Amino acid sequence: MVSSYTQLVVKRYGERLDGDAKEFMAYVVDGAARMKQLIEDLLAYSRVGTKGKEFKPVAVEAPLKRAITNLRAAIEESGAEITYDPMPTVNADDVQLAQLFQNLMGNALKFKGPEKAKIRVEAKENPAEWEFHVRDNGIGIEPQYFERIFMVFQRLHNKGEYPGTGIGLAICKKVVERHGGRIWVESQSGEGSAFHFTLPKQKGNG
């Protein structure tokens with residue numbers, strides 16, 4: 001509502017506003033848009049455990065493809081290259097798996113380096129679990145931030161450089177933990193990142 005009425009003021013009375021007033025209005029619209037995104041992200045975070053679907057056998061390639069489809073605009077705009085291994089079937093919430101892949105690949109697209117973004121999704125079978133890797137060739141992360149990035153509101157860059165609310169990776173952590181797995185990152189600044197997460201081969205409903 002704040003954003004809508006501010007835009008209406010600019011539209012109807014814009015010619016009467018001086019430069020400072022127009023600039024202030026732009027700040028209000030931008031602030032309202034960021035607040036809306038923050039509220040939506042917080043709701044998504046809070047609903048991981050309370051609104052999740054029952055686990056059922058899921059062919060992981062399906063939510064992975066859905067995530068790629070959802071990111072199509074960003075992929076085409078950046079010319080990114082995404083490849084992936086054959087994926088297993090696991091007991092999971094398919095909607096949350098799609099969100100997990102979308103957040104991880106979306107980060108790789110956002111924090112890409114000077115070269116064309118390349119994202120590789122891999123699946124490795126361990127005795128009791130499947131281990132997934134989402135690798136990129138982006139700007140990387142310094143080791144001292146490895147734990148911090150999975151916490152709510154923890155951003156390593158200002159919003160002018162890279163937009164966002166600092167909740168995406170916290171959602172990833174919550175989704176993985178709901179499924180009985182764990183998530184971690186390996187990276188070096190300037191040398192890309194590899195996000196790893198596990199999903200048990202057998203898991204009851206979370």
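The values are calculated or read from the model by the stated rules, or taken from the named source; none is laboratory data. From a predicted model like this one, the values you see are computed outputs, not experimental measurements. A quick note on method: Cβ atoms are made from the backbone with ideal geometry, for glycine too, and the neighbour counts reach across all protein chains shown. Side chains included, ligands, DNA and RNA excluded: accessible areas come from the protein's heavy atoms. Shrake-Rupley method; radii C 1.70, N 1.55, O 1.52, S 1.80 Å.
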Of all strands (runs of 3 or more DSSP E) fully inside segment 1-104, the set with 2 or more residues that are at pLDDT below 80 and either out of contact with any helix residue (DSSP H, G or I) (no Cβ under 7 Å at 6 or more places or on another chain) or open to solvent by 50 Å² or more (accessible area, probe 1.4 Å) (or both) is none
The residue that is farthest from R178 (Cα to Cα), considering only those in segment 105-121 that are buried (at least 21 other Cβ atoms within 10 Å of the Cβ) and among the small types (G, A, S), is A117
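Determine, yes or no, whether K124 is under 30 Å from D30 (Cβ atoms), open to solvent by 60 Å² or more (accessible area, probe 1.4 Å) and either modelled with pLDDT of 95 or more or not in a loop (DSSP other than H, G, I, E, B) (or both).
Details: under 30 Å from D30 (Cβ atoms): no; open to solvent by 60 Å² or more (accessible area, probe 1.4 Å): yes; either modelled with pLDDT of 95 or more or not in a loop (DSSP other than H, G, I, E, B) (or both): yes.
Considered against the rule, which asks whether it is under 30 Å from D30 (Cβ atoms), open to solvent by 60 Å² or more (accessible area, probe 1.4 Å) and either modelled with pLDDT of 95 or more or not in a loop (DSSP other than H, G, I, E, B) (or both), K124 comes out as no.
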(1) at pLDDT 75 or above; (2) open to solvent by 80 Å² or more (accessible area, probe 1.4 Å); (3) part of a loop (DSSP other than H, G, I, E, B) all hold for N158 apart from (1)
Expected output for segment 118-132 (first residue free of Cβ contacts under 8 Å to residues at least 12 places away in the same chain, partner charged (D, E, K, R), Cβ below 9 Å, 6+ apart or cross-chain) is K124/D85; K124/E131; P127/K201
